[in-house]
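Undergrad: If you scroll down you'll find the structure; I have some questions about it.
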Amino acid sequence: MTKVMARLCMALAACALVSAAQAQDGLGSGHGAESRNLRLVGMSDLQGRAAFQPVILKQGERWIAYVGHSGGSALNPLTGRNEANGTSIIDVTDPARPRYLHHLPTDSDAEVVGAEGGGAQMLQVCAGRDLPRGDRAKFYMLRTEGRKAHEMWDVTAPERPVKIADVVTNLLSTHRQAWECDTGIAYVNSGLPGWEVLRLTQVWDLSDPAKPVHIRDFGLPGQQPGAPKRANRRLNDGHGPFSTGPAGNRLYFGYGNVGHGAFQIVDRKKLLEGPKEPTPENLLYPQVSFQAIGTMQAVHAVLPLIGMEIPEFGRHEKGRVRDFLLVLPEAIENECHEGPQMMVVVDITDDRNPIGVANFQVPNKDGSFCTRGGRFGPHQTQENLTPIYHKRIVFVAWFNAGVRAVDIRDPYNPREVGYYIPASNKHTQPSCVKTAQGPRCKIAIVTNNVEVDDRGYIYIADRVRSGLHILEPTGEARRIANFPK
Amino acid sequence: MTRIGTFGLLSLCVSLAGCQGGGPVRTLSEYRAEQPEANNMRLLGFNDLQNRSAYAPELHAQGGRWIAYIGHHGGKPKLNPMTGAMENNGTSIVDVTDPRNPKYLAHIPGQEGGAESGGAQMTRLCNGGELPSGDRNKVYMLRSFGTSAHEIWDVTVPEKPVMVVSVVRGLRDTHKSWWECDTGIAYLVSGVKGWHTRRMTQVFDLSDPAKPVHIRDFGLPGQEPSAKVSKEQDSFYMLHGVISTGAKGNRVYLGYGTVSNGVIQILDREKLLNGPKEPTAANLLQPQVTRIDTPLYMGAHTVLPVLGVEVEGLAKYWGPKPGPKHRDLIVVVNESTGNECREARQQAYFIDITDERRPMGIANFDVPETPGGYCSRGGRFGAHASNEAMPPMYAKRVVFMTWFNAGVRAVDIRDPYRPKEIGYYIPAITPQTAERCVERDGKQQCKRAIQTNNVEVDGRGYVYVVDRADTGMHILELTGTARDAANFR
């Protein structure tokens, strides 16, 4: 009897959640949470700032989340001042009760919601003990400063970050960063005057974070200074690489802006040690392969899954172990005013000749995600390769469809095993589309980025100011993960 | 009460499927090569094709009848009971008007030689009335003759085929050619001496089948006679098959390689036919729209275009912007060549070519090895070919793929991003089925297993599969829920 009641309640609750979400036609008062196999553990409103990227690591006995914000400004209740969006620093040691420690503002004045011009969207954190020439007692944060700069901060005491150095300033744009903590090599997205593209990659040696050493600038042939002027300088914008470091010796770059999504596989050693003058030949020299991804938009993020044993191929004499690259084109337009964007699983075992073998989409047959408001589609996956999830579950930030947990153990047949769409809240900003009658706006969650920590907690950050949600897997998703026994 | 009802229905379905030889995949211990296995496909008729190793069936409606033309691999001469003579494998001609009672009409002997060197693997059929300069009353068959030639036959009376002309002779190899009946243009897979490959394309004008006109020889840059390449490279990028969408579609799709060194190529047909023909690297590149080099362990046996698929849900996208509401794809079917999985897995890939200059692989189709234990059943396990005829009940809806010892698989492609198996048929072996061997610990170990080689469909929707290991031809139809994926209304 009790069991029956409990089931009934669960079913009713689920119904209530769904109807709350479905009631969201037109600019309503927001929507409730929806979930399967992912459970909300805790939440921080991030002072209602538009968030881009969370990074979480253990510092001493504490777990600290750093969240990069997009442009805008908000009141910081800790200082009582209105501050331009920068970096939120949160103690998430107890994920059920995250403690907001500090907001590190920028001097950017970009106010537009989600604007890429302001804030400090991107960041990477390394422990000094991992860096070849870092101070062993320190923690370092590399972050963007609006569109202008990449900066180095000492965040050993996360409550009191101290600026150490400007890595580079006077840029036209910034975007993703990748910092190898074991070598100190950083790949940062920068806009440099003279180049025939807005965003390219700069390689820096940050092995001593206080003394940045520039290694080279890198883009696609045709983007170098002096190349013929291009009608659209953003056509093949760089989105930054994922590095497998000296051991893997590969960098995986995403490219594209509106349309023209592509990915590139680069030999890391050749990039670092090859001829550096930006001539077309030198830019091509480290390239292993370059592949356009059809009609889809920019490739914002990639995640390599190297050395996956395919149980199904176990009895074959050859090709039992394969390498894959998850390629994530970015949904760019609100309310599906673009073609469907999906995660593509690319077989890169022979990485000179990659071939897409599978895709993952959030089903939208009834079109409900296209009418909820905001963007619908993939953006990014976790980048922390903790053995709890690596090659098992990939979490994909899917904008208005929240975060999706995808069983990737059989890369030929990726399969959704869970999702979490946070409830909107008082901070959630409306997302709009243009119509003949002017802008039409709706309130919906826009999950921008996801990251996991080494304990297995999942952090998702919202692009339209709804905050940071901390999740954990339950049910089937938890069984697929590899939590320590 | 309701629950019991549901269970009752479920068990009924299972037992019905059982009646059709269906049900769950048989595990290796349950597997008996002498028993067929099926799901949503049913055997209607069978012909042993004189137990000749069969490559590909072609179906043709002529004179109120449906005739199957089956190209055979080479092999030792076998008895043709109709003539009483021992004949080299060539072309079987079978009346399949009543698919339950196929009637063997004639065998045209082929070239002497082993499996890949003799026989007459490939046929294509055109009505004279459709060809621009053909005899209106005639039916013509284009066939390969072993490795050495392509021939035109008059098969107006399929019981009495008459040789018309050799299109070309003295070749090093042949394979899966294509013939456009409305224009007469043929794309022959030929090995022309002097070229740096055993198989490339020869374009002929066969609009008057009696008077073949050579248009050009074509291959990948680097295969032309004047190229300087190593001896080893001579075996690279062997052309396997060609499919043209004709003057209207203006595209030719080519697959090179089997299990390795694969290339998928899309050509501009008009440029291929009317561009500069001298085989220079630049001229060979001129008609190319797209070239995809496949990974080392993947080939491209069949490149099947599936164009203009209206994917459910796609209409929800683009908003007020103009954007494609359909998808164009190629289905790339690899070829398994090693017995008992002594190779990398060979499967089928779906490549989105909606923007054909920026092709993108987006899905795969595979047959799970477990629990069927196909790697241990004997012979090859893996993909080989798809049907190439696209009658309206199957076009953009269902593709059939041959999978050697896993028979033929029916695949629902209405959402090409999620191809889905909806049925299969694995024929039973017969006492005439040939053995397939592997070497283990220095000893030959042989097994008899079905080796479904190629599949084709006719305009009525019947499905014809032929066996590489001499078993014959099985005529099938879709049943149950699989039939709903097709459009028989």
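Undergrad: Restricting to the range B:352-364, name every residue that is more than 7 Å from chain A (Cβ to nearest Cβ) and surrounded by fewer than 24 Cβ atoms within 10 Å (Cβ to Cβ). Please lay out each step first, then the result.
TA: Let us first name the residues in the range B:352-364 that are more than 7 Å from chain A (Cβ to nearest Cβ), namely B:353, B:356-357.
Selection gives B:GLU356, B:ARG357.
Undergrad: Can we say B:LEU284 is of a type in the set (A, V, I, L, M, F, W, C), closer than 20 Å to B:GLU356 by Cα and away from chain A (no Cβ under 11 Å)? Write out each step before concluding.
TA: Details: of a type in the set (A, V, I, L, M, F, W, C): yes; closer than 20 Å to B:GLU356 by Cα: yes; away from chain A (no Cβ under 11 Å): yes.
Answer is yes for this residue.
Undergrad: Suppose we keep only residues that are part of a loop (DSSP other than H, G, I, E, B) and touching a Ser or Thr at 6+ places or on another chain (Cβ under 9 Å) within the range A:297-339. Which one would you say is farthest from the other protein chains (Cβ to nearest Cβ)? Explain how you work it out, then say what you get.
TA: We begin by selecting, within the range A:297-339, every residue part of a loop (DSSP other than H, G, I, E, B); these are A:297-298, A:310, A:314-320, A:330-333, A:335-339.
If we keep only those that are touching a Ser or Thr at 6+ places or on another chain (Cβ under 9 Å) too, we end up with A:314-315, A:319, A:335-336, A:339.
Numbers: A:GLY314: 8, A:ARG315: 4, A:GLY319: 3, A:GLU335: 6, A:CYS336: 5, A:GLY339: 6 Å.
The residue in question is A:GLY314.
Undergrad: Given the conditions (1) over 24 Å from A:GLY356 (Cα atoms); (2) within 9 Å of chain A (Cβ to nearest Cβ), which single one is not true for B:GLY372?
TA: Checking B:GLY372 against (1) over 24 Å from A:GLY356 (Cα atoms); (2) within 9 Å of chain A (Cβ to nearest Cβ), the one that fails is (2).
Undergrad: Collect the residues in the range B:259-290 that are closer than 23 Å to B:ALA385 by Cβ and β-branched (Val, Ile, Thr), keeping them in residue-number order. Give the steps one after another, and end with the answer.
TA: To start, the set of residues in the range B:259-290 that are closer than 23 Å to B:ALA385 by Cβ comprises B:259-267, B:269, B:290.
Residues satisfying the conditions are B:VAL259, B:VAL263, B:ILE264, B:ILE266, B:THR290.
Undergrad: Let me ask you something else. Mind checking whether some residue in the range A:376-393 is part of a loop (DSSP other than H, G, I, E, B), under 18 Å from the mean Cα position of the chain (by Cα), among the charged types (D, E, K, R) and within 12 Å of another protein chain (Cβ to nearest Cβ)?
TA: First, pick out the residues of the range A:376-393 that are part of a loop (DSSP other than H, G, I, E, B): A:382-392.
Subset that is under 18 Å from the mean Cα position of the chain (by Cα): A:382-386, A:389-391.
Still in the running and among the charged types (D, E, K, R): A:383, A:391.
With the extra rule that they be within 12 Å of another protein chain (Cβ to nearest Cβ), the set shrinks to none.
No, because not a single residue in the range A:376-393 is part of a loop (DSSP other than H, G, I, E, B), under 18 Å from the mean Cα position of the chain (by Cα), among the charged types (D, E, K, R) and within 12 Å of another protein chain (Cβ to nearest Cβ).
Undergrad: Could I ask something else about it? Give B:VAL189, B:VAL229 a once-over and let me know the one that is of a type outside the set (Phe, Trp, Tyr) and either buried (at least 17 other Cβ atoms within 10 Å of the Cβ) or farther than 16 Å from B:LEU284 by Cβ (or both).
TA: Values: B:VAL229 fails: either buried (at least 17 other Cβ atoms within 10 Å of the Cβ) or farther than 16 Å from B:LEU284 by Cβ (or both).
The match here is B:VAL189.
Undergrad: Something else about it: Among the listed residues A:VAL446, A:VAL433, identify the single one that is closer than 19 Å to A:ALA50 by Cα, surrounded by fewer than 23 Cβ atoms within 10 Å (Cβ to Cβ) and not hydroxyl-bearing (Ser, Thr, Tyr). Even if it seems obvious, please write down each step before you answer.
TA: Numbers: A:VAL446 fails: surrounded by fewer than 23 Cβ atoms within 10 Å (Cβ to Cβ).
Every option except A:VAL433 fails the conditions.
Undergrad: Next up: Could you list, ordered by first residue, the pairs with Cβ atoms under 6 Å in which the first is in the range B:225-242 and over 30 Å from B:GLU388 (Cβ atoms) and the second is exposed (fewer than 15 other Cβ atoms within 10 Å of the Cβ), at least 6 apart or interchain?
TA: B:PRO225/B:GLY194
Undergrad: For the range A:340-352, which positions are of a type in the set (D, E, K, R) and within 7 Å of chain B (Cβ to nearest Cβ)?
TA: Going through the range A:340-352, the residues of a type in the set (D, E, K, R) turn out to be A:347, A:350-352.
Correct list: A:ASP347, A:ASP350.
Undergrad: Are any of the residues in the range B:172-179 of a type in the set (Ser, Thr, Tyr), in a strand (DSSP E or B), closer than 12 Å to B:HIS150 by Cα and within 22 Å of the chain's Cα centre (by Cα)? Lay out the reasoning, then the answer.
TA: If we filter the range B:172-179 for residues that are of a type in the set (Ser, Thr, Tyr), which is where we start, we get B:174, B:177.
From the residues that got through so far, the ones that are in a strand (DSSP E or B) too are B:174.
Now drop any that are not closer than 12 Å to B:HIS150 by Cα, which leaves B:174.
In the following step, the residues that additionally are within 22 Å of the chain's Cα centre (by Cα) were identified as B:174.
The answer is yes; a qualifying residue exists.
Undergrad: A further question follows. One residue is enough: does the range B:58-69 have a residue meeting the conditions under 19 Å from B:ILE475 (Cβ atoms), modelled with pLDDT of 95 or more, polar (S, T, N, Q) and touching a Gly at 6+ places or on another chain (Cβ under 9 Å)?
TA: Looking only at the range B:58-69, we keep the residues that are under 19 Å from B:ILE475 (Cβ atoms), and these are B:58-62, B:64-69.
Next cut, modelled with pLDDT of 95 or more only: B:58-62, B:64-69.
Filter once more, so that each one left must be polar (S, T, N, Q): B:62.
Still in the running and touching a Gly at 6+ places or on another chain (Cβ under 9 Å): none.
No, because not a single residue in the range B:58-69 is under 19 Å from B:ILE475 (Cβ atoms), modelled with pLDDT of 95 or more, polar (S, T, N, Q) and touching a Gly at 6+ places or on another chain (Cβ under 9 Å).
Undergrad: Go through the range A:75-98 and give me each residue that's surrounded by fewer than 20 Cβ atoms within 10 Å (Cβ to Cβ) and in contact (Cβ under 8 Å) with a residue 40 or more places away in the chain.
TA: Hits for the range A:75-98 are A:ASP91, A:ASP94, A:ALA96, A:ARG97.
Undergrad: Right, something else. Where residues in the range B:355-371 are modelled with pLDDT under 95 and of a type outside the set (D, E, K, R), which of them is nearest to B:GLY255 (Cα to Cα)?
TA: Once the filter is applied, the top-ranked residue is B:THR370.
Undergrad: Next question, about the same structure. Any idea which of (1) in contact with a Pro (Cβ under 6 Å, 6 or more places away or on another chain); (2) closer than 24 Å to B:ILE152 by Cβ is the one B:ASN47 doesn't satisfy?
TA: With (1) in contact with a Pro (Cβ under 6 Å, 6 or more places away or on another chain); (2) closer than 24 Å to B:ILE152 by Cβ applied to B:ASN47, the lone miss is (2).
Undergrad: Let me ask something else about it. So in the range B:93-143, with the set limited to residues that are of a type in the set (Ser, Thr, Tyr) and surrounded by fewer than 17 Cβ atoms within 10 Å (Cβ to Cβ), which one is nearest to B:LEU79 (Cα to Cα)?
TA: The qualifying residue nearest to B:LEU79 (Cα to Cα) is B:SER117.
Undergrad: If B:PRO322 satisfies every condition in (1) within 30 Å of B:ARG32 (Cα to Cα); (2) more than 7 Å from every other protein chain (Cβ to nearest Cβ) but one, which is the exception?
TA: Condition not satisfied by B:PRO322: (1).
Undergrad: Would you pick out the residues in the range B:440-480 that are polar (S, T, N, Q) and either outside any strand (DSSP E or B) or within 13 Å of B:GLY407 (Cα to Cα) (or both)? First the steps, then the outcome.
TA: So in the range B:440-480, the residues polar (S, T, N, Q) come out as B:444-445, B:451-454, B:471, B:479.
Within the range B:440-480, B:GLN451, B:THR452, B:ASN453, B:ASN454, B:THR471, B:THR479 meet the criteria.
Undergrad: Considering each of A:GLY356, A:GLY373, A:GLY294 in turn, give the residue that is crowded, with 22+ Cβ neighbours inside 10 Å, facing chain B (nearest Cβ under 7 Å) and outside any strand (DSSP E or B). Please lay out each step first, then the result.
TA: Numbers: A:GLY356 fails: outside any strand (DSSP E or B); A:GLY373 fails: facing chain B (nearest Cβ under 7 Å).
Checking each option against the conditions leaves just A:GLY294.
Undergrad: OK, next. Only one residue in B:ARG483, B:ARG418, B:ARG489 is in a loop (DSSP other than H, G, I, E, B), in contact (Cβ under 8 Å) with a residue 40 or more places away in the chain and either charged (D, E, K, R) or farther than 23 Å from B:SER336 by Cα (or both). Which one?
TA: Details: B:ARG483 fails: in a loop (DSSP other than H, G, I, E, B); B:ARG489 fails: in contact (Cβ under 8 Å) with a residue 40 or more places away in the chain.
The match here is B:ARG418.
Undergrad: Quick check on the range B:380-412: of everything there that is assigned to a loop (DSSP other than H, G, I, E, B) and within 14 Å of chain A (Cβ to nearest Cβ), which residue is nearest to A:TYR412 (Cα to Cα)? Full working, then the answer.
TA: As a first pass, look at the range B:380-412 and keep what is assigned to a loop (DSSP other than H, G, I, E, B): B:387-397, B:405-407.
Cutting the leftovers down to within 14 Å of chain A (Cβ to nearest Cβ) gives us B:405-406.
On the way: B:ASN405: 22, B:ALA406: 19 Å.
Across the range B:380-412, the extreme among qualifying residues is B:ALA406.
Undergrad: Could you tell me whether the range B:261-275 includes any residue that is more than 9 Å from chain A (Cβ to nearest Cβ) and over 22 Å from B:SER177 (Cβ atoms)?
TA: Residues of the range B:261-275 more than 9 Å from chain A (Cβ to nearest Cβ): B:261, B:263-275.
In the following step, the residues that additionally are over 22 Å from B:SER177 (Cβ atoms) were identified as none.
No, every residue in the range B:261-275 fails to be more than 9 Å from chain A (Cβ to nearest Cβ) and over 22 Å from B:SER177 (Cβ atoms).
Undergrad: Check whether at least one residue in the range B:325-343 is farther than 27 Å from A:PRO363 by Cα, part of a loop (DSSP other than H, G, I, E, B) and more than 22 Å from the chain's Cα centre (by Cα), and report yes or no.
TA: Checking the range B:325-343: at least one residue is farther than 27 Å from A:PRO363 by Cα, part of a loop (DSSP other than H, G, I, E, B) and more than 22 Å from the chain's Cα centre (by Cα).
Undergrad: Follow-up. From A:PRO132, A:PRO225, A:PRO221, A:PRO209, which residue is over 17 Å from A:TYR66 (Cα atoms) and touching a Cys at 6+ places or on another chain (Cβ under 8 Å)? First the steps, then the outcome.
TA: Values: A:PRO132 fails: touching a Cys at 6+ places or on another chain (Cβ under 8 Å); A:PRO225 fails: touching a Cys at 6+ places or on another chain (Cβ under 8 Å); A:PRO221 fails: touching a Cys at 6+ places or on another chain (Cβ under 8 Å).
Result: A:PRO209 is the single residue among A:PRO132, A:PRO225, A:PRO221, A:PRO209 that is over 17 Å from A:TYR66 (Cα atoms) and touching a Cys at 6+ places or on another chain (Cβ under 8 Å).
Undergrad: Could you list, in sequence order, the residues of the range B:287-303 that are more than 11 Å from every other protein chain (Cβ to nearest Cβ) and out of contact with any Leu (no Cβ under 9 Å at 6 or more places or on another chain)?
TA: B:GLY299, B:HIS301, B:THR302
Undergrad: Collect the residues in the range A:263-285 that are under 16 Å from A:GLN202 (Cβ atoms), touching a residue at least 24 places away in the same chain (Cβ under 8 Å) and assigned to a loop (DSSP other than H, G, I, E, B), keeping them in residue-number order.
TA: Answer for the range A:263-285, where residues must be under 16 Å from A:GLN202 (Cβ atoms), touching a residue at least 24 places away in the same chain (Cβ under 8 Å) and assigned to a loop (DSSP other than H, G, I, E, B): A:LYS276, A:PRO278.
Undergrad: Would you be able to say whether some residue in the range B:295-304 is in contact with a strand residue (DSSP E or B) (Cβ under 9 Å, 6 or more places away or on another chain), in a strand (DSSP E or B), closer than 24 Å to B:ARG397 by Cβ and polar (S, T, N, Q)?
TA: yes
The values are calculated or read from the model by the stated rules, or taken from the named source; none is laboratory data. This is a predicted model, so every value here is computed, not measured. Reconstructed Cβ throughout: ideal geometry from the backbone, glycine too, with neighbour counts over all protein chains shown.
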